[in-house]
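The values are calculated or read from the model by the stated rules, or taken from the named source; none is laboratory data. Note that this is a predicted model, so its numbers are computed, not measured. Note that each Cβ is placed from the backbone with ideal geometry, even for glycine, and that neighbours are counted across all protein chains shown. All accessible areas refer to the heavy atoms of the entire protein, side chains included, with ligands and DNA or RNA removed. Shrake-Rupley method; radii C 1.70, N 1.55, O 1.52, S 1.80 Å.
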Amino acid sequence: MEGQHHLDQRSRRVRLFIALEILIVLGVGFGRSAISAMLSIIEKLTRGVPLADQTTTMNSSMTPSRPWLDLGYQLYFFLTPTALVLLVLYLLYLGYGQARSLIGFNLHQPWKDLGWGVAICAGIGIPGLGFYFLSRWIGINTEVAPANLDAHWWTIPILICSALVAGVSEEVVMVGYLFTRLKTLGWAPAAIIFFSATIRGSYHLYQGFGGFLGNLVMGAVFGLIYLKTKRVMPLVIAHTLMDIFAFVGYALLAPFVGDLFL
């Protein structure tokens with residue numbers, strides 16, 4: 001009985017440490033971003049200007065008159081999400097003796113992952129674009145300008161890298177890491193999906209309520225796919241492709257069809 005008591009006590013301590021670890025990871029990553037996005041939407045709602053008449057800018061130039069310094073800033077912005085990915089992979093390795101293979105973040109099934117990724121991109125990206133225009137029309141979302149870098153030789157490569165960093169960091173952390181850790185804590189799959197999708201939606205609130213709802217649904221679908229495939233690579237590919245189309249497509253087309261985005 002005493003041995004069992006010590007085992008139960010140790011199990012409770014492990015669970016506590018995992019829960020604290022999750023809170024810390026979210027605190028330095030997407031949980032922190034969710035709080036920032038909530039404050040942002042409060043600020044937008046209290047401006048006295050309708051949400052639909054406001055603009056949310058992404059991937060903006062920091063020093064437009066000094067392109068090399070601006071490039072340095074854009075590369076600097078990649079450091080935190082990249083470090084977060086490395087951190088959670090390290091934590092998974094400590095906890096399970098493996099990391100990338102555990103969550104399917106590898107190149108073991110390149111063509112299958114690519115096929116899944118393209119299909120997911122089309123299946124979510126096209127309806128998602130329609131929902132964005134609908135949310136703008138009914139007034140629950142700002143205009144989102146996803147690419148506002150000045151035109152330089154590095155603009156398109158930086159936008160592609162930004163899409164890749166976003167795809168990798170969100171899916172590795174919010175799906176691969178979070179699903180694995182919460183499963184260890186004994187959470188039910190439905191609860192894990194709901195928790196992850198809600199956080200995903202929350203850190204997109206800065207765009208408006210349409211951004212929240214669209215990413216909430218996307219997070220739930222991604223969670224279901226991950227439970228089926230046990231791999232984050234298809235999700236990384238899909239997310240990256242969607243962001244490339246959004247960032248690069250906007251940068252190339254907005255000057256010619258600007259009214260479409262307003």
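Numbers for the structure displayed
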{"item": "Subset tally (residues that are loosely packed, with under 13 Cβ neighbours inside 10 Å, of a type in the set (A, V, I, L, M, F, W, C) and over 29 Å from Ile41 (Cβ atoms)) for the stretch 76-102", "result": "2"}
{"item": "Residues of the stretch 148-171 satisfying the condition of being among the small types (Gly, Ala, Ser) and open to solvent by 50 Å² or more (accessible area, probe 1.4 Å)", "result": "Ala151"}
{"item": "For Val248: the one exception among (1) closer than 29 Å to Gln98 by Cβ; (2) assigned to a helix (DSSP H, G or I); (3) open to solvent by less than 50 Å² (accessible area, probe 1.4 Å); (4) touching a residue at least 60 places away in the same chain (Cβ under 8 Å)", "result": "(1)"}
{"item": "Every pair of residues 6+ apart whose Cβ atoms lie under 8 Å, when the first sits in the stretch 223-243 and is more than 15 Å from Val173 (Cα to Cα) while the second is hydroxyl-bearing (Ser, Thr, Tyr)", "result": "Asp243/Ser162"}
{"item": "Hits in the stretch 172-193 (condition: farther than 15 Å from Leu26 by Cβ, open to solvent by 40 Å² or more (accessible area, probe 1.4 Å) and not small (Gly, Ala, Ser))", "result": "Lys183, Thr184, Pro189"}
{"item": "Test result for Leu23, in contact with a helix residue (DSSP H, G or I) (Cβ under 6 Å, 6 or more places away or on another chain), modelled with pLDDT of 95 or more and open to solvent by 30 Å² or more (accessible area, probe 1.4 Å)", "result": "no"}
{"item": "Unmet requirement for Asn106, which otherwise passes all of (1) in a helix (DSSP H, G or I); (2) open to solvent by less than 70 Å² (accessible area, probe 1.4 Å)", "result": "(1)"}
{"item": "Tally of residues being within 14 Å of Phe209 (Cβ to Cβ), open to solvent by 40 Å² or more (accessible area, probe 1.4 Å) and β-branched (Val, Ile, Thr) across the stretch 114-147", "result": "2"}
{"item": "Selection count where residues are open to solvent by 60 Å² or more (accessible area, probe 1.4 Å) and under 22 Å from Leu91 (Cα atoms), scope the stretch 194-226", "result": "1"}
{"item": "Where a residue in the stretch 80-101 is over 12 Å from Val173 (Cβ atoms) and its partner, wherever it lies, is of a type in the set (Phe, Trp, Tyr), with Cβ under 7 Å and at least six apart", "result": "Ala99/Tyr93"}
{"item": "Filter pass, Trp111 being within 17 Å of Met233 (Cβ to Cβ), open to solvent by 70 Å² or more (accessible area, probe 1.4 Å), part of a helix (DSSP H, G or I) and hydrophobic (A, V, I, L, M, F, W, C)", "result": "yes"}
{"item": "Where a residue in the stretch 48-69 is open to solvent by 70 Å² or more (accessible area, probe 1.4 Å) and its partner, wherever it lies, is among the polar types (S, T, N, Q) and not in a loop (DSSP other than H, G, I, E, B), with Cβ under 9 Å and at least six apart", "result": "Thr57/Asn148; Met62/Gln74"}
